[in-house]
Structures are given as structure tokens and as C-alpha cells.
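Shown next, in C-alpha cells, is the structure this report addresses.
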Amino acid sequence: MRECGYASGLGKNVYEYIDEHTQYIERFSGDEKKKSNPMHGIYVDKDNMTIEDFEYPFNLMIACSVEDIIIGGFEDTLKKSN
């Protein structure tokens, strides 16, 4: 993850790809997350670490460091980046 931010900081175009668009919070199964505060809808993992819920398919470190998030595979990403 640090590499994405570092490359972005150097002015490199960084792309991320994913098979389907799902939010990061949805990638956790029901037994991997629990609501820490039902009033605010904040989820935590098994270690009580907050799970980000910013409606991105990846955590903020990746989502905010990339030029674009491609729905598809590696080849789709290569086509988009050229």
C-alpha cells in the first residue's frame, strides 16, 4: 500500500483493478465484522480495529493514491492506462 502512495507522490500514474465493484466494507464476511456502535453504523473487525466505510472498493490509502479503479482484469487496466 505504501508503494501506491509513494509512486503517486512521484507523479506516476497508479491504477488498481478489481473483478467487480463492491465496497471495502462488503468484503468482510458477517463473522469478520461487528457493529461497535449501532447508533453510528461503525464496524470493527475481530481485533476491534475500525473498518473503513467510505464507499470505495479499497481502503483509503489505496483508493486515494490511484489514478483510476478499473472494473475488470489486468489486461483491461493496461488498455485503460495507455
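By the rule of a C-alpha distance below 19 Å, with chain neighbours fewer than 8 residues away ignored, the lysines paired with LYS12 are LYS79, LYS80. Taking every DSSP bridge with both residues inside the chain, close to 50 percent are antiparallel.
Computed from point charges on the beta carbon alone (+1 for Lys and Arg, -1 for Asp and Glu), the dipole magnitude for the chain about its Cα centre is near 220 Debye.
The value given for the stretch 1-47 is a Kirkwood hydrodynamic radius of 13.5 Å, derived from the mean inverse Cα-Cα separation. Of the residues ASP68, ASP19, ASP31, the one that moves most in a GNM of the chain with alpha-carbon contacts below 10 Å is ASP31. Overall, the ratio between the Cα radius of gyration of the chain and 2.2 N^0.38 Å, rounded to two decimals, is 1.27.
Would you order MET61, MET49, MET39 from fewest to most other beta-carbon atoms within 10 Å of each residue's own beta-carbon? Could the numbers behind the result be given before it?
Numbers: MET61 12, MET49 9, MET39 6.
Going from sparsest to densest Cβ surroundings: MET39, MET49, MET61.
Once the Cα-Cα distance is subtracted from the 0.36 nm per residue extended length, the SER81 to ASP47 segment shows a gain of 8.5 nm.
Rounded to the nearest 500 deg cm²/dmol, what is the calculated helix-only ellipticity per residue at 222 nm for the chain, with -39500 (n - 2.57) per DSSP H run of length n ≥ 4?
Working: 3 runs with 20 residues, N = 82.
Value at 222 nm, helices only, nearest 500: -6000 deg cm²/dmol.
Picking from LYS46, LYS34, LYS12, which is most flexible by a Gaussian network model of the chain using Cα springs under 10 Å? Answer for the Gaussian network model of the chain: LYS46. Projecting label points 7 angstrom from Cα along Cα→Cβ for GLU26 and HIS40 puts them 2.5 nm apart.
Coordinate-derived values only; no laboratory data. Predicted, not measured: the structure shown is a model, and the values here were computed from it. Glycine also receives a Cβ, built like all others from the backbone with ideal geometry; neighbour counts cover every protein chain displayed.
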